[in-house]
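These notes concern the structure reproduced below.
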Amino acid sequence: MLLIRTTYRPATDLGYLLHKHPGRMHVAEMPFGTARLLFTEASDESCAVAVIVEIDPIGLVRGSGTNGQDQYVNDRPYVASSYLSSTLVEFFSTAMSGRSKERPELAATPIPLEFQIPAIRCRGGEGFLRSLFEPLGYTVSCEQLGAGNLYSVNLKAEIQIGEALLHLTVLVPVLDDAKHYFVDQTEIDKLFRRGASWLPSHPKSEEITRRYLKHQGRLTREALTRFAELDGFPEADAEESPEPFVQSDRPNLHDGRLDTVAAEIIASGAARVLDLGCGEGKLVQRLMRNPQITEIVGVDVSVRELEAAKRRLRVGEVMDKVHDKVRLIHGSLTYRDQALSGYDAAALVEVIEHLDAYRLESLGRVVFGEMAPKIVIVTTPNAEYNVLFPGLAPGKFRHPDHRFEWTRAQFAEWCQEIGDRWGYRFRTEPVGPLHDDLGAPTQMAVFSR
Ligand code: SAH
């Protein structure tokens, strides 16, 4: 159970913020039981909402596969847990998105809020509880209820209601350190959606991520790498479509760019190729059937993208000479991987601009210094061309996940530095429709040593 209370005036505005009518009892049938929401107070001075989750204990036991006498000994029906999180999402998804039809401005305003959780297990005790909520601006008071880290918790803050609901949805199961459902890749996306605005800068972000993903090493590593790359930026569906803005205007720009890069690789005579930041595998797809290519490795930091690539390329599904050439590897281009040295060619198509500028240093060392393929092909947007995209406001990037977009001079300067430092020659070329003064939408560099 959770009680949400405000003394903002008029306090009954809470109903508008939560999109729930104070005069009604709201009921949701959940897979694990019944959730109810009702107002326990509704005056101008104070308004409170109780969320009560009634878990069906028989259903719990039925699904659990446990046997023996203690199968009914279970704290889940009365402590706040991931069941409460699922219920909050069910009742309050609109409020969590920061929207309110009737009180849009109030939804964006911090108001005095109080949250009471009568029973929750705090694995890590009071210290951990405080370390989760205090950095987010809550005043925490709590009382231990007997053994087993069972606490009654009260949180107070001046905060936007949507933000607070996101905090609770993520942090309740983190405190409890358990989840009632199987955790997979989609859980990372949920964590990004719910935590984008506050988690990267939270001092306990690592521990929160690890617990939220049920201590699954692979998922936790991916999430942390993604957070590190984001550096506090909200997750954008960057990888889904590298440049949605440009793509919508010129559907063939990205295809044309990939064709150009594939042609360069073939022309170089390369047989063993790396596609670094391969995304959903469109370049791999263009190369794998070419008989000159004997091996092609796609590397990406996003497991979700790699899974899309696997589906697109049918890797691991079809076993034949063509599909056996392809390997997909999860990794970051800012960490060395000796297995990737000694290749003929590497491509980085629309990848560098997704990295914070200070990470380009590591990328340079890893790709040019350690992998050190004979040729490296890099493409990136040409910022000068952006003025030709109608609707792209001046100074804006083509994609929200881009960390920079360079002019031709800036790109040439970076290429020169890389070349000097790691012993590569290079040439740069425009890719796409050429404008007399502004160049082409994409710029490409071909490095060789
Ligand atoms: N090259 C692909 C995808 C471009 S989008 C194409 O042209 O279709 C950029 C890709 O770089 C994304 O898939 C993203 O997950 C990946 N990426 C970003 N940072 C990375 C890093 N540090 N290491 C590996 N891949 C990274």
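As I understand it, the dipole of the range 253-448 uses +1 on the Cβ of Lys and Arg and -1 on the Cβ of Asp and Glu, about the Cα centre. Which of Q410, G395, V367 lies farthest toward its positive end? Value: V367.
Remark: spin-label model distance V387-H19 equals 4.3 nm, labels positioned 7 Å along the Cα→Cβ axis.
Projecting the Cα positions of L276, V315, G298 onto the charge dipole of the range 253-448 (unit charges on Cβ atoms of Lys, Arg, Asp and Glu, taken about the Cα centre) puts V315 furthest along the positive direction.
Computed in the context of the full set of protein chains, the accessible area of the chain at 1.4 Å probe radius has 50% of its extent on carbon or sulfur. Residue order by solvent-accessible surface for M288, M1 is M1, M288, largest first, with ligands and nucleic acids left out and a 1.4 Å probe. Here the spin labels are modelled as points 7 Å beyond Cα on the Cα-Cβ line, and at E126 and Y181 they lie 3.5 nm apart. Placing dummy labels 7 Å off each Cα toward the beta-carbon, the span from E295 to R218 is 2.2 nm. Subtracting the Cα-Cα distance of S197 and H435 from 0.36 nm times their residue separation leaves 81.7 nm of extension gain.
Between E370 and E90, the contour length at 0.36 nm per residue exceeds the alpha carbon distance by 95.9 nm. Per residue, the accessible area of the chain comes to 44 Å², computed with a 1.4 Å probe over protein heavy atoms only.
Rounded to the nearest 20 Debye, what is the dipole magnitude of the chain about its Cα centre when Lys and Arg each give +1 and Asp and Glu each give -1 at the C-beta? For the chain, the charge dipole is close to 800 debye.
On a full-extension model of 0.36 nm per residue, what is the gain between S341 and D324, subtracting their alpha-carbon distance, rounded to one decimal in nm?
4.1 nm
The values are calculated or read from the model by the stated rules, or taken from the named source; none is laboratory data. Since we're looking at a predicted model, the values are computed, not measured. We place every Cβ from the backbone using ideal geometry, glycine too, and count neighbours over all the protein chains shown. Calculation scope for accessible area: heavy atoms of the full protein, side chains included, ligands and nucleic acids excluded. Shrake-Rupley method; radii C 1.70, N 1.55, O 1.52, S 1.80 Å.
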